[in-house]
Structures are given as structure tokens and as C-alpha cells.
Amino acid sequence: MPNLKDIRRRIRSVKKTQQITRAMRMVAGAKLRRAQNAVTQARPYAERMRATLAEVARVPQDTVHPLLAPRPQPKRAEVVVVTSNRGLCGAFNANVLRFADRLVAAREREGVAVTITCVGRKAVEYFARRRRRQLGGKHIFDGWVSYESAAELAGQLSGRFASGDSDEILLVFSEFVSALSQTPRSARLLPAAPDAPEAAVGEASLPVEIEPSAEKLIAVLVPKAIEVEIFRALLENQAGEHAARMASMEAATRNTEDLISRLTLQFNRARQAAITKELVEIVSGAEALKSS
């Protein structure tokens, strides 16, 4: 059994860890409120953007935008995997990485050559160990998600698709459902599919006149829609990260409380045993003096 000094030292160590986990939980909770507000504001805009693009794309046009042109039999696919830069958020990153790994394996079984573009340090570390030869672009955005970063990434992906380096680009990220639930999901980013929810399309399906032309409007809408889709995925991932970290630190704080209780009980038992031993020695010594 460890002595009293060792148990006391361990209790102090666990209490310091508890202070850290409690502080991280509070910080993650504050960031989650801001991130959740950003996601809530971005979703209606992204949905309306898709609805507008779908409405305009139904207008007969002489040419098809390069980012809308489907590839009948894609041979080269690019999978963009979005994760966080830091850990301490439970299985948040592991879930989306396993989901992306299964998606890549499924596309390979179909005979498609897959290149992986990583957004986030955890994705870079994961695929550098497992699929180094397939690893393509690496993007690590520090700090709060910005639209400029999403637009920069969208420009690079659109350029590779338009030049023929990729026949298909898939986006894998973790969708924020609630503070307790984050779901990995994938979405086809390119070729852009101008499909919108039926309700949104119905609202926007009134007779309209497009000026100067549908082609020029499409040329503006398609790149913007891709930027918005990436920006929304980054915001979803950011909110999910803070939610997962808050839940993880909450569980860690509860575990430290349980561990402190067990260590305190162990300390009291050890101290009681030490006192009992001393009393026995004192009584034994007194009896020995009497008998002598």
C-alpha cells in the first residue's frame, strides 16, 4: 500500500488536473455559443444560395459552366477531409477520420484514383501515417474560421477541377447537430450539383427575368456557392469541435472528482491504519514495561 505522502501528492496532482479540465470546459462552452450562432446564421444563407443556383440553372443556356459539367465516368477523385487542429475533444476527430477512410476505400474499390486534401492538423497527421502516397494538399487554418480561408481553398479546388486534375471532389466534415451530437457526413462539392430542397425551390420558382443573362449570373453564383459550402462545412466542424471538447472536459472533470474521492478514502484508511499501528506499538511497549 502506498504511504501517506504518496497519496497526498497524488491528490494534489489530480486536483490541479481538475482545475485545468474545468477551465477548458468553461472556455469550450463560451466558444461553442459563438460557433453555434455562426452556424445558425450560415445555414439559411447556404440553403438560399443553393436554391437560387438551382433556379437559375434550370434556365436554358448555350453553354454549361465548367464547374457544373458532370464527368460521366470519374477516374480521379479528390477527398477533402476537415478536422480540428487540436485534440482533447473525445472521439470527434476519430469519427470523421474513420468515415473518410471508409469513403476513400469505397471509391478505390470502384477503380477511382483518390487524392486526399487535409484541412486541419489531425487529418494531416492521420493520413500521413496511413495514406502518405495519396496525401495531397495540407491546409491548417489557425484561429477562428474566416470566409477568406474558405474562399482561398475553394479557388484551389475549383482550379484543379477545371483543369482536369480531378473529376470529382468530395467534402467530408462533421456536421453539428447539437451540443451532444456531431455526425460525420460527406457532400459532393464538384461538379457542383444545383439541387436545392423542394421547399426552397418552390419558393423561388416564380417567373423571373435574368439580366444580363443566365450564363453571366451562373458564372458569379457557382464559385460563390462553392465558397459558401466550404465555409459552412468549416463552421459546422468548428462548432462540433467545441461541443465535443466541452463534453469531453465535463466527463474528465467528473472522473477527477471520483478519483479524488477514492484517493481521499484510501488516504483516510491508510492514516487510520498508521494510527492503529502506533497505538498497538504503544500498548505493546507499555505491557512489556509492566511485565519487566
**Request:** Answer yes or no as to whether Ser186 is touching a residue at least 24 places away in the same chain (Cβ under 8 Å), touching a Phe, Trp or Tyr at 6+ places or on another chain (Cβ under 8 Å), open to solvent by less than 10 Å² (accessible area, probe 1.4 Å) and not hydrophobic (A, V, I, L, M, F, W, C).
**Result:** no
**Prompt:** Do the conditions hold for Ala162, that is, is it of a type in the set (A, V, I, L, M, F, W, C), buried (at least 17 other Cβ atoms within 10 Å of the Cβ) and outside any strand (DSSP E or B)?
**Reply:** no
**Prompt:** How many residues does the stretch 104-121 contain that are touching a Ser or Thr at 6+ places or on another chain (Cβ under 8 Å), surrounded by 24 or more Cβ atoms within 10 Å (Cβ to Cβ) and in a strand (DSSP E or B)?
**Reply:** 2
**Prompt:** Restricting attention to the stretch 68-75, does a residue exist that is closer than 19 Å to Arg232 by Cα and at pLDDT 85 or above?
**Reply:** no
**Complete:** Note on the stretch 216-263: residues polar (S, T, N, Q) and crowded, with 23+ Cβ neighbours inside 10 Å are Asn237, Gln238
**Message:** Can you pull out every residue in the stretch 135-159 that is surrounded by 15 or more Cβ atoms within 10 Å (Cβ to Cβ) and among the polar types (S, T, N, Q)?
**Reply:** Ser149, Ser158
**Message:** Of all residues being in contact with a Lys or Arg (Cβ under 8 Å, 6 or more places away or on another chain) and part of a strand (DSSP E or B) in the stretch 62-83, which is farthest from Glu227 (Cα to Cα)? Just the residue, please.
**Reply:** Ala77
**Prompt:** When you go through (1) under 18 Å from Gln238 (Cβ atoms); (2) part of a helix (DSSP H, G or I); (3) in contact (Cβ under 8 Å) with a residue 12 or more places away in the chain one by one for Asp101, which number turns out not to apply?
**Reply:** (1)
**Message:** For the structure I just gave you, tell me whether Leu32 is touching a helix residue (DSSP H, G or I) at 6+ places or on another chain (Cβ under 6 Å) and either modelled with pLDDT of 90 or more or crowded, with 16+ Cβ neighbours inside 10 Å (or both).
**Reply:** yes
**Request:** Go through the stretch 252-272 and give me each residue that's without any contact (Cβ under 8 Å) to a residue 40 or more places away in the chain and not polar (S, T, N, Q).
**Result:** Arg254, Asp258, Arg262, Leu265, Arg269
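So that you can scan it fast, the table gives a plain yes or no per residue for (1) farther than 30 Å from Leu157 by Cβ; (2) in a helix (DSSP H, G or I); (3) of a type outside the set (Phe, Trp, Tyr); (4) touching a helix residue (DSSP H, G or I) at 6+ places or on another chain (Cβ under 6 Å):
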{"position": "Lys224", "(1), (2), (3), (4)": "no, yes, yes, no"}
{"position": "Ile230", "(1), (2), (3), (4)": "no, yes, yes, yes"}
{"position": "Thr253", "(1), (2), (3), (4)": "yes, yes, yes, yes"}
{"position": "Ile260", "(1), (2), (3), (4)": "yes, yes, yes, yes"}
{"position": "Leu265", "(1), (2), (3), (4)": "yes, yes, yes, no"}
{"position": "Arg269", "(1), (2), (3), (4)": "yes, yes, yes, no"}
{"position": "Val280", "(1), (2), (3), (4)": "yes, yes, yes, no"}
{"position": "Gly285", "(1), (2), (3), (4)": "yes, yes, yes, no"}
{"position": "Ala288", "(1), (2), (3), (4)": "yes, yes, yes, no"}
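To keep it simple, each residue is scored yes or no on (1) part of a strand (DSSP E or B); (2) modelled with pLDDT under 90; (3) among the polar types (S, T, N, Q); (4) closer than 25 Å to Gln36 by Cβ.
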residue: Ala123; (1), (2), (3), (4): no, no, no, yes
residue: Ala128; (1), (2), (3), (4): no, no, no, no
residue: Gly137; (1), (2), (3), (4): yes, yes, no, no
residue: Gly143; (1), (2), (3), (4): no, yes, no, yes
residue: Leu171; (1), (2), (3), (4): yes, no, no, yes
residue: Ser186; (1), (2), (3), (4): yes, no, yes, yes
residue: Ala192; (1), (2), (3), (4): no, yes, no, no
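The values are calculated or read from the model by the stated rules, or taken from the named source; none is laboratory data. Quantities reported herein were computed from a predicted structural model and do not represent experimental measurements. For neighbour counting, all protein chains shown are included, and Cβ atoms are generated from backbone atoms with ideal geometry for every residue, glycine included. Just the protein is used for accessible areas: all its heavy atoms, side chains included, with ligands, DNA and RNA removed. Shrake-Rupley method; radii C 1.70, N 1.55, O 1.52, S 1.80 Å.
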